[in-house]
């Protein structure tokens, strides 16, 4: 959640005032916040008109295993989707050897937003990453924090849009997902299969993935076995412009967490 996590601990009125002040410093002004808020609200309204974070995902909901250029391997037959998240963040690369070499991936960082209430609205869900690509990840986080406080004040619940975070840690670096904001575990996984994004995806979109060999960091409260990254938008780098350059490329995706 980065620099905006402290807003979760402030009264709603002060949160909104600070949000407006922070967004006023952005070149695009408050419009970005309005647009991000509209998309996040629409995502929930297209669900079951329930407060965020409380929607049970139907047992027949599945990731689009065959939606990429080649099929992704599937999870065990008795697996069900227990978390559904919109990830918004950055894919990171280095250009260590030469400016003529292709960038080398070194991980990613992203915030995860709960979109479980729209699990059955596949078309809108698939379009969310594309819709958010023109917004900065910080503006999406800020919109989610304010809406999180607003819906909590109405529905008297601590659950909200903010689900957790995604990053890489360790040596060698492992994909890590922190779901502790919603009472889940911190888990790590490894790539089992991948597929290039379909031709209908935005240009320069990262691959679709299946992650497995899931291990918890600490106590396991989620029993996650597989994670799918699909409907990606952005994240692929261009060429290295100079040696020793670090590239940070914005991306969005939908993550299906299976138990």
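The values are calculated or read from the model by the stated rules, or taken from the named source; none is laboratory data. Computed from a predicted structure; not experimentally measured. Virtual Cβ from ideal backbone geometry, glycine too; neighbours counted across all protein chains shown.
At a glance:
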| read-out | value |
| --- | --- |
| Condition check for residue 249: touching a strand residue (DSSP E or B) at 6+ places or on another chain (Cβ under 9 Å), under 22 Å from residue 126 (Cβ atoms) and modelled with pLDDT of 95 or more | no |
| Strands (runs of 3 or more DSSP E) wholly inside region 112-196 containing at least 1 residues that are closer than 13 Å to residue 252 by Cβ and modelled with pLDDT of 85 or more | 162-169 |
| Meets criteria (under 18 Å from the mean Cα position of the chain (by Cα) and over 21 Å from residue 132 (Cβ atoms)) for residue 191 | yes |
| Single residue of 69, 79 found to be assigned to a loop (DSSP other than H, G, I, E, B), at pLDDT below 90 and on the phi < 0 side of the Ramachandran plot | 69 |
| Residues that are in contact (Cβ under 8 Å) with a residue 60 or more places away in the chain and buried (at least 23 other Cβ atoms within 10 Å of the Cβ), drawn from region 207-229 | 208, 210, 224, 226, 228, 229 |
| Pick from region 88-97, criterion in a strand (DSSP E or B) and either modelled with pLDDT under 90 or in contact with a helix residue (DSSP H, G or I) (Cβ under 8 Å, 6 or more places away or on another chain) (or both), ranking: farthest from residue 127 (Cα to Cα) | 95 |
| Those residues of region 235-250 which are under 16 Å from residue 167 (Cβ atoms) and either in contact with a helix residue (DSSP H, G or I) (Cβ under 8 Å, 6 or more places away or on another chain) or surrounded by fewer than 20 Cβ atoms within 10 Å (Cβ to Cβ) (or both), in sequence order | 246, 248, 249, 250 |
